1. For the range 324-413, what is Rg from Cα atoms divided by 2.2 N^0.38 Å, rounded to two decimals?
2. Using the Kirkwood formula over every pair of different C-alpha atoms, what hydrodynamic radius in Å results for the range 201-254?
3. Just to make sure I understand: if all protein chains stay in place, what is the order of Met195, Met60 by accessible area at 1.4 Å, largest first?
4. At R0 = 35 Å, how high is the FRET efficiency between Val260 and Ala47 if r is their beta carbon distance? Nearest 0.05 is fine.
5. What FRET efficiency, computed as 1/(1 + (r/R0)^6) with R0 = 30 Å and r the Cβ-Cβ distance, is obtained for Ser186 and Val288, rounded to the nearest 0.05?
6. When the solvent-accessible surface of protein heavy atoms is calculated with a 1.4 angstrom probe, in what order do Thr388, Thr213 fall, highest first?
7. Given the peptides 350-362, 235-247, 164-176, 316-328, arrange them by the average over their residues of other C-beta atoms within 10 Å, most packed first.
8. Per 0.36 nm of contour for each residue apart, how much would the distance between Glu228 and Lys271 grow if the chain were fully extended, relative to their Cα-Cα spacing?
Amino acid sequence: MIGLVVGRTAVLVHLALSPVSAFHPGYGPPGPAAVSSVRLSGGPGPAVVEGRIPAGEESMALNEAVARMVASARPGPAGLDLVDASKLIEIGAVWWKASDPSDTFVGGEEYTPEDSDVGGEEDEEYGDDFYYDDPDGAPPVPPSGRYGRITVQASVRPLVTSLRIHAVPRRFPSYADHVLVHEDGSFVIVDKPPMCPVQPDASNYVECTPGATGELYGPFQTADEFGEEYTVTRPLICHRVDSCVGGVVVLAKNRNGQGVFSKLQRERRVKKLYKAVTDGPVPLGLHVHYMWSPPETRGGERKGQTDAAFRSPPCQLLSRAPRKGKDWIRCVLEVIRDDPVTTPDGADRRECTIRLVTGRKHQVRAQLAALGRPILGDALYEPLAGMTLDGVLGPGDGLAADDALGEAVAKCR
């Protein structure tokens with residue numbers, strides 16, 4: 001169900017949406033990993049601790065600052081010791097910013113986001129995953145007012161340094177199940193397991209596709225534009241798929257490879273095939289929908305809006321009727337096969353093969369749901385089976401349709 005062909009003019013990538021079990025959100029304890037389980041403070045408290053480091057010495061070890069802030073926000077008899085605080089830093093659960101970059105003990109380097117926008121069919125913004133993992137140099141200073149991830153021990157100045165600490169980092173036990181499919185001078189291609197993100201989570205920089213690939217199969221050798229060889233410990237992201245999706249993911253060893261793959265995507269020379277299991281047949285042929293995609297901040301709110309009522313739903317909402325305007329994105333996929341299949345529970349289902357023409361967030365899942373055939377076990381889109389925005393925006397009783405859609409969205413998980 002997963003194949004790969006690399007040719008002179010095309011790359012064929014088969015991706016499989018795993019049925020049923022892939023969508024169960026239990027992250028559970030971590031599997032084999034470089035970072036052992038993090039013991040948290042014993043008492044209740046926020047999952048994210050944020051604020052300025054309280055007054056103390058002129059400078060303070062980062063793990064000490066993390067331990068103090070977490071223990072203060074999540075009181076408990078055990079507290080958070082320095083070893084556990086160091087584990088939070090190592091896994092990438094700690095972000096920092098300086099109130100005044102010129103007034104910090106570290107600095108000098110300009111902000112450079114890791115895995116900057118790679119373009120292509122995956123047209124979502126990658127966001128700012130700024131990080132630091134060079135123990136031999138001074139951590140770069142994020143731009144004023146912006147947080148950057150830091151993954152090694154350092155010294156920080158209280159009062160002028162703020163921390164954002166994900167005290168309960170998300171864990172992805174399937175992270176250790178990546179399988180190497182192909183490697184050459186520019187690319188590393190892996191079979192990604194379901195329930196593991198391609199891009200690092202805000203609370204976990206290690207358990208993701210680049211982190212797993214580097215740890216399990218690296219380091220890798222590549223060369224720069226002058227032919228000088230160098231070592232790569234963590235390959236670069238070329239494209240993304242949802243964390244619940246299992247299948248082939250292409251990573252680049254260098255920026256040149258990343259750019260080449262991006263160009264292939266823009267020229268439609270990358271073909272992506274998905275397999276999905278549904279409860280009934282899906283009509284063959286091209287399917288076109290229009291996804292409501294208003295400009296959002298990273299917090300999921302409409303720009304300029306802070307009220308919770310303006311927060312976007314976790315799922316993507318579609319219209320069958322053509323829509324125009326900057327808030328609408330055209331989505332196209334083609335169902336090329338629909339075959340009977342028996343799932344492990346002994347039930348008769350359908351397995352459809354889908355060619356993705358455009359690449360949007362949750363596109364396959366959202367379009368199949370709009371067609372009335374959500375992917376089996378997809379708790380985020382099963383409540384929306386057969387529902388679109390057409391009833392809300394078209395003629396008829398828009399209020400009733402809006403209420404029905406709101407109730408369905410509330411059930412999406």
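1. The value comes to 1.24.
2. Working: mean 1/r = 0.0813 Å⁻¹.
When all Cα pairs of the range 201-254 are included, the Kirkwood radius is 12.3 Å.
3. Largest accessible area first, the list is Met195, Met60.
4. 0.30
5. The calculated FRET efficiency here is 0.30.
6. On the way: Thr388 20, Thr213 0 Å².
Largest accessible area first, the residues go Thr388, Thr213.
7. Values: 350-362: 19.7, 235-247: 23.2, 164-176: 21.5, 316-328: 15.5.
Averaged packing, sorted descending, gives the order 235-247, 164-176, 350-362, 316-328.
8. Numbers: separation 43, 0.36 × 43 = 15.48 nm, distance 3.23 nm.
My answer for the length gained is 12.2 nm.
The values are calculated or read from the model by the stated rules, or taken from the named source; none is laboratory data. Small disclaimer: the values here were computed from a predicted structure and weren't measured. Positions of Cβ are backbone-derived with ideal geometry, glycine not excepted, and every protein chain shown enters the neighbour counts. Protein only, heavy atoms only, side chains kept; ligands, DNA and RNA dropped before computing areas. Shrake-Rupley method; radii C 1.70, N 1.55, O 1.52, S 1.80 Å.
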